[in-house]
Amino acid sequence: MYFGSVKFFKHLILLVLGFAFLTLTILVIVFVTLWRVEKTRAVTVTAQYEELAARDELYIPANVTDQELYDALKKHGASTADILKMLQSDDPAALTELYKEQIFGLNGTVPGYVTDYPDLYVSGPAEFVAPASKTVYLTFDDGPSANTPLVLSILEKYNIKATFFMSVPEGNTESSRKWIQQVAQAGHTIGIHSNSHNYSEVYQSVDSYLQDLKNTSDLIESASGKKPDILRFPGGSINNYNRFIYKQLISEITRRGYVYYDWNVSGEDASTSATWTSIYNNVLRGMDGKDSAVVLLHDSSDKRRTVTVLEDLILALQEDGYQFAPLTNEVRPVVFSYLD
Ligand code: ZN
């Protein structure tokens, strides 16, 4: 009798074990396959990303790696198709919307920063006026530093008023306070630039930007007695670090009454390869054909070159028929493109 015999039970056990083994094997195969498919997708996305990045068609923050971005989007439930769509988008507005939705979940909700920093408001201009004709708006970023008084004395010699977008890097030191006061007393415009000037930190979120803005504003106000009402974003209003939040940043600071200024001529004096000649030529060539311009220069501590070229620049620009003026918040700003 086979059924019920010892042999039968042996076979039954073997059969059950066999099935269990088979099921386990199938499950392992399924999981490995799924995992590999997902991995292949990730690799495909990465390859596409690299190709687009190489063609300079991507504006992903420089501090975010493609894998981090992919993981972040994935974590927030984006499909691979959506991620590809986002990576390939040539419409930054749509891209930002998608990003906002995916990463920050801001879709349809009022962001918390709107009610934060209640004293971070200024009265904006009633309306903008066109920049004055044949006028150069010299702007000095990243100061004040020991170079600031040197810049001031050159400007004073030619009775020129300019604009200083301050970084106040050393914080509330006595020297910084003194330099800020000197700039204010000489009648120049002081604008906000940044407190930390650390792109990754400042542009981590709209909140971190506003915190940095407030720190800088407070330092300037306490030293100069005047609350600044114009600003320049570190790295300009659209850059690799703020590309996903630049629209929120701009709309938020504008809502608070601030006017921001980019530039349309740069001395490129922040470049490590800058020389006296390169700064001089960059500004003069940049001015070519322009009726007015906002010129970017720096007065931070390592920009002594800028000080040495400034007087000759002023003379050359005067020779070309330009006058100089400080920015005030009603001057229609020069801003980087793809905003409208
Ligand atoms: Zn700067």
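Just so it is clear, none of the values below were taken in a lab; they were calculated from the coordinates. Since this is a predicted model, take the numbers as computed values, not measurements. Virtual Cβ from ideal backbone geometry, glycine too; neighbours counted across all protein chains shown.
Quick notes on this structure:
- Taking the fewest neighbouring Cβ atoms within 10 Å as the starting point, the ordered list for ARG243, ARG285, ARG304 is ARG285, ARG304, ARG243.
- Residue order, fewest to most surrounding Cβ atoms within 10 angstrom, among ASP291, ASP207, ASP299: ASP291, ASP207, ASP299
- Sorting GLU156, GLU201 by the number of Cβ atoms found within 10 Å of their own Cβ, with the fewest placed first, yields GLU156, GLU201.
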